[in-house]
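Participant: Just passing along the structure, written as structure tokens.
The values are calculated or read from the model by the stated rules, or taken from the named source; none is laboratory data. Just so you know, these numbers come straight off a predicted model, no measurement behind them. Cβ placement follows ideal geometry from the backbone for every residue including glycine, while neighbour counts extend to all protein chains displayed.
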Amino acid sequence: MGPITGSLAIESQQTDWQAVDATGLQWMPRGFSEDVPFQADAVWLSDQTPWWERTALDQNRNSIHDSLETFVGITGIGLSYGVDVSSHHLAQLEEMNLTVVDVIEAVDAVLLGQINASIVFELAGLDDVVMVERYGSLVFYGDIQTPAVKARNSSFYPMGAWDLGFTGANVNIAMVDTGVDNEHPGLSEKFVAGYDAVCYTPSDPICILAGGGFRETDGTFDPDDGNQHGTACMGMAAATGVDASGAQTDFYGAAPDADLIDVRIGTDLGAGPFENYVIEQEFYE
């Protein structure tokens, strides 16, 4: 891997370091070897057994997630097929009065949504079904992830980064995503600068009124987030723990005192014109 632009450099006169290349851009401690040791392929790379025959989620190999066999009630269920999902497969589901929420061609699967788990054995018997799977809903774990990375202390890690004075204060985080809803109480008053590379988001009337292309490019524009992905990412990075009602919670980001540079490169659907993603480094600086 080459040097990272803008990374810290060491002095050229170092008795305990040696240059790796002729230009002196890469250094390593003397005595270190440049030889790459032999690395055997991981066992799972050479295992050609289909995934459904070796997954740990189906120990008895009956093509049903083990957690579903004893579950009683309504839960999210999906089906994985050993072949491409066809109209025949969809017709079988229709005969069972089931509605297909989505067909995921990339992994030969269908999502059936929230249905009764009592029919999982019947589903496992359908043509070409290799796994009846369970999926859930989004759960926020900000109260767990921030202590887990040792940002905030916990009973497992009594000393966290915050205890050492590292809370993100005087640091600007450039969130390059779908925009950030920094009107949320947990992210308010963090905005420092912003830029919108994809003006034409359908939920943004200001963009439409501006002719579908105009945005201030001097850093003063504050992009909103019609997708919520960028907001979630910024929350993990720097949320203060204040929820939508204004109550203080334990759902902190890792650096709650950091501020925001809001760069939107994704539309409400999460996509965008990829050529607009290339923004000069000088903008962030």
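Participant: Looking for whichever is of a type outside the set (A, V, I, L, M) and either more than 22 Å from the chain's Cα centre (by Cα) or outside the structural domain of residue 235 (by TED's automatic domain parsing) (or both) here; the options are 157, 195. Which one fits?
Facilitator: 157
Participant: Starting from residues that are part of a strand (DSSP E or B) and touching a helix residue (DSSP H, G or I) at 6+ places or on another chain (Cβ under 9 Å), keep the ones in region 238-255 and report whichever is nearest to residue 171 (Cα to Cα).
Facilitator: 252
Participant: Taking residue 143 as the residue in question, decide whether it is touching a Gly at 6+ places or on another chain (Cβ under 8 Å) and touching a residue at least 24 places away in the same chain (Cβ under 8 Å).
Facilitator: Considered against the rule, which asks whether it is touching a Gly at 6+ places or on another chain (Cβ under 8 Å) and touching a residue at least 24 places away in the same chain (Cβ under 8 Å), residue 143 comes out as no.
Participant: Looking only at region 205-240, count how many residues are out of contact with any Cys (no Cβ under 6 Å at 6 or more places or on another chain), under 14 Å from residue 265 (Cα atoms) and at pLDDT below 80.
Facilitator: The number of residues fulfilling the criteria is 1.
Participant: Kindly indicate which of 225, 262 is surrounded by 19 or more Cβ atoms within 10 Å (Cβ to Cβ), part of a loop (DSSP other than H, G, I, E, B) and within 19 Å of the chain's Cα centre (by Cα).
Facilitator: 225
Participant: Oh, and also: With a cut-off of at least 1 residues that are surrounded by 10 or more Cβ atoms within 10 Å (Cβ to Cβ) and at pLDDT 95 or above, name the helices (runs of 4 or more DSSP H) lying wholly within region 37-147.
Facilitator: The qualifying helices (runs of 4 or more DSSP H) are 66-69, 87-95, 120-124.
Participant: Just wondering, is there one or more residues in region 104-111 that are within 16 Å of residue 129 (Cα to Cα) and touching a helix residue (DSSP H, G or I) at 6+ places or on another chain (Cβ under 8 Å)?
Facilitator: yes
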